[in-house]
Amino acid sequence: MRLGVATGRDLAQACRDYFNPKVNFCLWILCEIAIAACDLAELLGSAIALQLLFGIPLVWGVCITALDVLVLLFLPSKGFRYTEALVIMLVATVGICFTAEILFSRPDMGGIMFGYLPKKEILQNPKMLYIAIGILGATVMPHNLYLHSSIVQTRDWQPSNEKRWEAIKFGTIDSTFALSLALFINSAILIVSAATFHFSGNQNVAEIQEAYKLLSPLLGVSAASAIFGIALLASGQSSTLTATLAGQILMEGFLQFRLPSWLRRLVTRLLAIIPALITIIIFGEHSTSRLIVLSQVILSLQLPFAVIPLVMFTSNRRLMGEFVNPLWLKSLAWLVAIIIVGLNIWLLLQSILG
């Protein structure tokens with residue numbers, strides 16, 4: 001937000017302006033990998049939701065999700081605000097569904113608070129670290145950092161410094177709310193799983209399909225499973241739209257090249273469909289959950305390549321002027337970047353050594 005308001009450039013454009021063309025191209029490739037990984041997860045999530053709600057075979061569900069490109073043929077003509085409103089509606093649906101699931105499962109609130117505290121066991125247990133890294137990638141998706149730095153420029157604010165500070169304030173509130181909602185949704189999945197399955201003796205539930213079947217019987221609420229399926233479908237569609245917007249911004253910013261949004265969407269979705277179909281056909285439907293987690297880990301591994309340039313630019317006084325990060329924010333931002341890099345390196349080392 002701060003970068004977009006202060007410079008009038010989004011993160012991808014700033015990278016093109018200030019980095020070597022080879023570095024710039026590599027960053028674009030890494031971002032495209034992140035978008036493809038995100039799209040793979042949302043593709044599988046939507047296909048599983050269609051299977052659970054309507055009994056559609058998973059292979060056909062994967063193919064059907066390619067039809068969301070038709071939505072993108074219609075939305076651009078209506079303007080960005082319609083797309084934004086649709087995303088907000090879908091995300092709100094997911095939030096409401098998981099709020100209901102938490103109320104149904106009646107978790108221990110003290111246990112929830114204790115669960116947010118970091119534990120050294122995560123660093124010692126490769127499986128726990130793998131899941132934790134996946135949650136990080138699912139919450140702070142790297143391509144969304146590029147997206148938010150561009151969205152702020154669509155707002156109607158005046159070029160005076162006073163209005164720019166106001167735009168930064170409201171942009172910060174907006175992005176903080178979005179990240180908080182993402183954290184809530186990811187937390188809600190874990191909370192409902194622990195409250196429903198772990199304490200009922202069903203610790204071996206590892207697949208989304210199993211969870212769907214057991215939710216209603218274990219919670220004693222007939223609608224619980226259907227609500228979970230609706231949340232899964234809405235989540236996939238909302239991420240689909242944001243990934244498409246981010247992909248267009250990346251291509252324009254890094255390469256100064258533009259594709260029609262429907263064509264961009266179709267290419268990205270086809271890149272996700274191929275590995276999804278191969279995995280389902282060769283390894284079976286029960287392999288999809290592992291593939292979803294892997295895709296989120298890939299997102300986390302790409303995160304430093306978006307976070308570090310963003311911190312570099314927003315901490316550069318020559319570029320940002322009076323809108324430069326204050327010392328406390330600069331220190332905190334670099335600390336967070338170092339932690340993310342450290343966790344990813346530690347995971348890679350454990351994977352290689354293990």
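Can you give the FRET efficiency to the nearest 0.05 for THR172 and LEU349, using r as the Cβ-Cβ distance and R₀ = 35 Å?
For R0 = 35 Å, the calculated efficiency reads 0.50.
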Among all the lysines, which ones have a C-alpha under 30 Å from LYS163's C-alpha, if same-chain residues fewer than 8 places away are not counted? LYS78, LYS330
With a point put 7 Å past each Cα toward its Cβ, work out how far LEU277 is from LEU291 in nm, to one decimal. 1.1 nm
Run through region 214-276 and list the chymotrypsin sites (Phe, Trp or Tyr not before Pro) located in a DSSP loop whose Cβ has at most 15 other Cβ atoms within 10 Å. PHE257
If R₀ is 25 angstrom, what is the calculated FRET efficiency for the pair ARG317 and LEU179, using the beta carbon separation as r and rounding to 0.05? 0.45
Could you list, bin by bin from short to long, the percent of Cα-Cα pairs of region 106-189 in 5 Å steps? 3, 11, 16, 18, 15, 12, 9, 8, 6, 2, 0
Name the lysines eligible as straight-distance cross-link partners of LYS127: C-alpha to C-alpha under 23 Å, and not fewer than 8 places from it in the same chain. LYS119
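Rounded, prolate or oblate for region 290-354? Axes are the square roots of the Cα gyration tensor eigenvalues, ordered a ≥ b ≥ c, and the cut-off for rounded is a/c under 1.5. Walk me through the numbers before you get to the answer.
Numbers: a/c = 3.73, a/b = 2.46, b/c = 1.52.
Taking the square roots of the gyration eigenvalues as a ≥ b ≥ c, region 290-354 is prolate.
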Helix axis angle, 80-105 relative to the chain longest principal axis, alpha carbon, degrees: 40 degrees
Once both axes come from the Cα atoms, what is the angle between helix 304-314 and the longest principal axis of the chain, in degrees from 0 to 90, rounded to 10? 30 degrees
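Restricting to Cα atoms and excluding each atom paired with itself, what does the Kirkwood estimate give for region 198-318 in Å?
Numbers: mean 1/r = 0.0558 Å⁻¹.
Radius from the Kirkwood sum: 17.9 Å.
Which whole-number value in Å³ per residue fits the convex hull of the alpha carbons of the chain?
Details: hull volume 53.7 nm³, N = 354.
Hull volume normalised by residue count: 152 Å³.
Taking only DSSP H segments of four or more residues, each worth -39500 (n - 2.57), what value at 222 nm results for the chain once the sum is divided by all its residues, to the nearest 500 deg cm²/dmol? If you can, show how the numbers build up before the last one.
Numbers: 18 runs with 282 residues, N = 354.
Mean residue ellipticity at 222 nm (helix-derived): -26500 deg cm²/dmol.
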Who wins for biggest fluctuation among GLY229, GLY220, GLY134 in a Gaussian network model of the chain, springs between alpha carbons below 10 Å? GLY220
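Shape call for region 264-317 from the C-alpha gyration tensor, a ≥ b ≥ c root eigenvalues: rounded (a/c under 1.5), prolate (a/b greater than b/c) or oblate? Provide the component values of the computation, followed by the final result.
Working: a/c = 6.12, a/b = 2.29, b/c = 2.67.
Judged from the Cα gyration tensor, region 264-317 comes out oblate (a/c at least 1.5, b/c at or above a/b).
Values in this text are rule-based calculations from the coordinates and carry no lab data. In this text the structure is predicted, and so the values were computed from the model without any measurement. FYI the Cβ positions are ideal-geometry reconstructions off the backbone, even for glycines, and counts take in every protein chain you see.
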